[in-house]
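Below is one structure, written out as structure tokens; the observations come after it.
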Amino acid sequence: MKTDNASQRDELLTPKQVCEQYPIFGSTQSLAERRWRQAGPAYLKTSEGRAGRVFYRRSAIEKWLDERTVQNGGAAA
């Protein structure tokens, strides 16, 4: 079955799925720490407090990675 690329980009992923598909994030604990430090990709939370489940849009992860991609081996000026 063929997957539509646009729908795949906005697919919702759990933190576990993010870490499995994007090893750069390490563990779910390190991803949670990035959320706490507000240093990671944008995420969705189903409700306030600890009871809320966290999800990431694939497009938000890709955007976050693109923003940190260094071109031509040089640092930004």
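Throughout, read-outs are computed from the coordinates displayed, never taken from laboratory work. Everything numeric in this text was worked out from a predicted model, so none of it was measured. When we count neighbours, we look across all protein chains shown, and the Cβ atoms used for this are built from the backbone with ideal geometry, even at glycine.
Sorting the segments 11-19, 38-46 by their residues' average number of neighbouring beta-carbon atoms within 10 angstrom, most packed first, yields 11-19, 38-46.
About its Cα centre, the dipole of segment 17-77 is roughly 220 debye, where the only charges are +1 on Lys and Arg Cβ and -1 on Asp and Glu Cβ.
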